[in-house]
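J.: The structure under discussion is supplied below as structure tokens; questions concerning it will follow.
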Amino acid sequence: MSDAIKIIGLCGSPHQNGNTAKLIRKVLEGAESMGVETEFIPLGNKKLLFCKACYKCLKEGTCVLKDDLNEVREKMIKSDGLVVGSPTYNREITGQLKTFYDRLWHDIHKQTFLGKYAICINTYIITSGCSQKTLRDLTMGLGYYVVGMIDANLLRFDNEIERDSKTMKKAFDAGVRLVKDIKAGRRFLKQDLIRKFFIKPVFRKIDKLMEEKGLL
């Protein structure tokens, strides 16, 4: 990792200035207060095709579909931290963000982002459903250490996150903590154990199966 730390904010909401985006920006603001570079990336205005399960990414090292995926992926590779967020739609993360994660199959398989750090953001009304677990699991599956989850029930503040001063401060503080964890190279034992005893064995079995079918 270079001395110049960069953190990107990946917004899975179709609204570039919605509540989820505002929370992500607040985390980035906290990170910026520590002197690091940040970039906000809204997926809502990106062209993202659906994964075709062609498995060519495992041979090519990147997805072969021609859209905006690899541009965003390259920014993730060159950054040290990630702030990723989604509102809850029908008890889950948005279709945009799920499609994005689906297209990163190679990176989940190879743990491309191993050792990088992430904060997950989730907004919802009444219930978050499965969205928080999905965000954590998929982000950790890419190799990131998930150092925190910021969630907000928008019903309490009439769908205006700026009125939730407690959550906004929590988001700012999370950005500060994210930078500190990156600088310290902090380890998370539970996540390391999950990778060692669950994620890696599962992908070894997948590799064996795919080799038998001539897909690798």
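J.: If you count only protein heavy atoms and use a 1.4 Å probe, how large is the accessible surface of Ser33, to the nearest 10 Å²?
T.: Ser33 has an accessible surface of roughly 70 Å² with all protein chains in place.
J.: Once fully extended, how much extra length lies between Lys196 and Glu160, figured as 0.36 nm per residue of separation less the alpha-carbon to alpha-carbon distance?
T.: Gain on extension, Lys196 to Glu160, equals 8.8 nm.
J.: Could you work out how far helix 131-141 tilts from the main Cα principal axis of the chain, as a 0 to 90 degree angle to the nearest 10?
T.: Roughly 50 degrees, rounded to the nearest 10.
J.: Checking the table Lys26/Lys183; Lys116/Lys190; Lys56/Lys200; Lys6/Lys116; Lys6/Lys196; Lys56/Lys116 against a 22 Å threshold on Cα-Cα, which pairs fail? Before the final figure, lay out the partial values.
T.: Working: Lys26/Lys183 20 Å; Lys116/Lys190 16 Å; Lys56/Lys200 20 Å; Lys6/Lys116 11 Å; Lys6/Lys196 28 Å; Lys56/Lys116 25 Å.
Cα-Cα > 22 Å for Lys6/Lys196; Lys56/Lys116; rest within.
J.: Could I ask something else about it? Grab the beta carbon distance between Ile126 and Lys205, set R0 = 45 Å, and tell me the FRET efficiency rounded to 0.05.
T.: That gives a FRET efficiency of 0.70.
J.: What FRET efficiency would be calculated for the residue pair Arg186, Glu39, taking the C-beta separation as r and a Förster radius of 22 Å, to the nearest 0.05?
T.: 0.45
J.: May I ask you to give the percent of accessible area on the range 82-216 that is carbon plus sulfur, with a probe radius of 1.4 Å?
T.: Solvent-exposed carbon and sulfur of the range 82-216 make up 57 percent of the total.
J.: For semi-axes √(5λ) of the Cα gyration tensor in Å, the choices are (1) 31, 19, 16; (2) 34, 18, 16; (3) 29, 20, 16; which was calculated from the structure?
T.: The value matching this structure is (3).
J.: For the range 1-128, what is the accessible area per residue in Å² when the probe is 1.4 Å? Don't jump to the answer; show the numbers that get you there.
T.: Working: 5790 Å² over 128 residues.
About 45 Å² of surface per residue is accessible.
J.: Same structure, new question: Would you mind calculating the gained length between Lys47 and Glu29 on full extension (0.36 nm times residue separation, minus the Cα-Cα distance), in nm to one decimal?
T.: My answer for the length gained is 3.8 nm.
J.: Between helix 200-212 and the chain, what is the angle of the helix's C-alpha long axis to the longest principal axis, kept within 0 to 90° and rounded to the nearest 10?
T.: Tilt relative to the chain: about 40 degrees.
J.: Mind checking the angle between helix 165-184 and the chain's longest principal axis? C-alpha axes, 0 to 90 degrees, to the nearest 10.
T.: 50
J.: Further, regarding this structure: Using helices alone, I'd like the mean residue ellipticity at 222 nm for the chain: each DSSP H run of four-plus residues gives -39500 (n - 2.57), total over residue count, nearest 500.
T.: For the chain, the value works out to -13000 deg cm²/dmol.
J.: Can I ask one more? What whole-number value in cubic angstrom gives the convex hull volume per residue for the C-alpha atoms of the range 1-78?
T.: Values: hull volume 7.6 nm³, N = 78.
Normalising the Cα hull of the range 1-78 by residue number yields 97 Å³.
J.: On to the next question. How large is the charge dipole for the chain, taken about the Cα centre, if only the Cβ atoms of Lys, Arg (+1) and Asp, Glu (-1) carry charge, to the nearest 20 debye?
T.: In total the dipole reaches around 660 debye.
J.: What order do you get for 173-186, 44-57, 107-120 when each peptide is scored by the mean count of other beta carbon atoms within 10 Å, highest first?
T.: 107-120, 173-186, 44-57
The values are calculated or read from the model by the stated rules, or taken from the named source; none is laboratory data. Keep in mind that what you see is a predicted model, and the values were worked out from it rather than measured. Here the Cβ is made from the backbone with ideal geometry for all residues, glycine too, and neighbour counts use every protein chain on show. Accessible surface areas use protein heavy atoms only, side chains included; no ligands, DNA or RNA. Shrake-Rupley method; radii C 1.70, N 1.55, O 1.52, S 1.80 Å.
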